[in-house]
Amino acid sequence: MTVIPGLVRRAAVGAERHLREGVGLLVKVGRDLERSAELGRLLPGYIERVTILEQAVRDQGAELRTVRTELDSLVGQLNDRLLPRIDERMDDTERDLAAVATSLIRTGRDTAGNSARLESAERRIGDLRTKIAQLEQRTGLWRDLQSTVARFGDDLDAMRARMALRAAEPPADASPAPVQNITDRPA
């Protein structure tokens, strides 16, 4: 019968342990009861706050649903107004871009042609300037030649006038008059 007293002792030890745990639990519950009483006093204030918060959340939910409805309406209106015209605008923009690109290509070609013509004209202008400078130089020489010929004509006229005067006068003596050199004439 030694088995039974061992079982009894074990059962007694287990029961004692459970009792001690139960007593500890009761002590804790007692402390919790004090806290529970305090929380029970605060509970109506918390319930009131929770009710106010729930109402605020409901109000905000209603406002959000209103905003969502307005936003959906705006998106619908924008889609109705803009989407059909966007394709037209994109086509118009593509046509405009193609026209601008074509114009730029033509302008580039024209610019290249005009640049070649401009270079040719600049070369011709340079040649003409050279010819004008040569012509001015020749004109200056021609004017110098004309003024020299005019002076020679004046000198020749002066010499003829002197010769005519001397021929009209009878020689005082039979010796001929000395001929003056053009460079020796008085000015």
- [ ] Taking the Cβ of R41 as the centre, find all other residues whose Cβ is under 12 Å away and add up their charges (Lys, Arg: +1; Asp, Glu: -1).
- [x] -1
Task: Heavy-atom accessible area per residue - segment 28-110, 1.4 Å, Å² - done: 92
Open item on the list: If R₀ is 30 angstrom, what is the calculated FRET efficiency for the pair A116 and W142, using the beta carbon separation as r and rounding to 0.05?
Closed with: 0.20
Task: Cα shape, segment 92-137, gyration tensor, a/c 1.5 rule - done: prolate
- [ ] Work out from phi, with θ = phi - 60° and the Karplus expression 6.51 cos²θ - 1.76 cosθ + 1.60, the ³J(HN,Hα) of each residue of segment 147-164, listed in order in whole Hz, and give x for Gly and Pro.
- [x] 5, 5, 5, 5, 5, 4, x, 5, 4, 5, 5, 5, 5, 5, 5, 5, 5, 5
Task: Percent of Cα-Cα distances greater than 25 Å, calculated over segment 1-160 - done: 81
Task: Given charges at Cβ of Lys, Arg, Asp, Glu: segment 1-159 dipole, positive-most of G113, I86, Q146 - done: I86
- [ ] Ignoring everything but the protein chains, give the 1.4 Å probe accessible area of T130 in square angstrom, nearest 10.
- [x] 80
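The values are calculated or read from the model by the stated rules, or taken from the named source; none is laboratory data. Since this is a predicted model, take the numbers as computed values, not measurements. With ideal geometry, Cβ positions are generated from the backbone for all residues, glycine too; neighbour counts draw on all protein chains shown. The accessibility values were calculated without ligands, DNA or RNA, using every heavy atom of the protein model including side chains. Shrake-Rupley method; radii C 1.70, N 1.55, O 1.52, S 1.80 Å.
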